[in-house]
Amino acid sequence: MDAVDPEDSVDRHIARWSGKVPFDVPTEQVITRIQLLAKHVKYGKERALAETGLQEFEFETMHRLASRGTPWRAPSAELAAELLLSPAGMTGRLDTLEKSGLIRRVRAAGDRRRVDVELTEEGHKRWIEAMRWRGMAEAEMIEPLDDTERTALSALLKRMLLHVEQA
């Protein structure tokens, strides 16, 4: 490979496996690069959380609340369903977040039996900080692409995703 097209880990993977197992080279190149990029996205998110001192479960719960806009509130049962948690699992998660001052539990005005979960100002501030760190990691990852390339890549990935989602 020349300086214009440097070798990456997928090129080395293809070279290592060529002739040892049957595969379609272009398909293997695309899928393996997607898999590796997904790992880098995951690591970037983990680094972002480390910078803010949040755990993944804390961030995901706060993210669901923040998506609702001010006052960043949702019924506990609705939140548990979105996060695919049992009531007991949700209670444990909320206990941890409440002890940290990131959320508060509020009795619903119309139904005192219902408990709503609300992001505190501190929780919202920490969520914003985590989003900022995540945004920096994502921007760094796509930095080599210009706007036209980003648009083209997004369109190609969308076509692939629509295909598998409709299968």
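The values are calculated or read from the model by the stated rules, or taken from the named source; none is laboratory data. Given the structure is predicted, the values throughout are model-derived calculations rather than measurements. We place every Cβ from the backbone using ideal geometry, glycine too, and count neighbours over all the protein chains shown. Heads up: the accessible areas ignore ligands, DNA and RNA and are worked out on the full protein's heavy atoms, side chains in. Shrake-Rupley method; radii C 1.70, N 1.55, O 1.52, S 1.80 Å.
Below, the figures for the structure above:
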read-out	value
Accessible surface, per residue, of region 69-167 when the full set of protein chains is kept, probe 1.4 Å, Å²	69 Å²
Computed E for ASP5/GLU140 - FRET, C-beta separation, R0 30 angstrom, nearest 0.05	0.90
Volume in Å³ per residue [convex hull over Cα atoms, computed for the chain]	187 Å³
Accessible surface of region 41-132 [probe 1.4 Å, protein heavy atoms]: carbon and sulfur percent	53 percent
Karplus (6.51, -1.76, 1.60) ³J(HN,Hα), θ = phi - 60°, over region 160-167, in Hz, Gly and Pro reported as x	5, 5, 4, 4, 6, 6, 8, 6
Within region 10-114, trypsin sites (Lys or Arg not before Pro) in DSSP loop having at most 11 other beta-carbon neighbours inside 10 Å	LYS20, ARG112, ARG113
Pairwise label distance in nanometres, TYR43 with VAL106, each label 7 Å out on the Cα-Cβ vector	4.1 nm
Max mean-square fluctuation residue, GNM over the chain, Cα-Cα springs under 10 Å, options PRO87, PRO22, PRO71	PRO22
Simple label model, 7 Å out from Cα along Cβ direction - GLU78 to GLN55, nm	2.6 nm
Two-site FRET efficiency, LEU156 against GLU121, from Cβ-Cβ distance with R₀ of 41 Å, rounded to 0.05	0.50
Neighbour-limited loop hits for GluC sites (Glu not before Pro), region 19-101 (at most 10 other Cβ within 10 Å; DSSP other than H, G, I, E, B)	none
Whether region 79-123 is rounded, prolate or oblate, judged on the alpha carbon gyration tensor where a/c under 1.5 counts as rounded	oblate
Reach of LYS158 by Cα under 26 Å, taken over lysines that are not fewer than 8 positions away in the same chain	LYS39, LYS42, LYS45
Candidates VAL117, VAL41, VAL106: whichever shows maximal mean-square fluctuation once the chain is modelled as a Gaussian network with Cα springs under 10 Å	VAL106
Solution diffusion estimate, µm²/s, Stokes-Einstein, region 47-126, Kirkwood Rh from C-alpha pairs, 10 °C, viscosity 1.306 mPa s	126 µm²/s
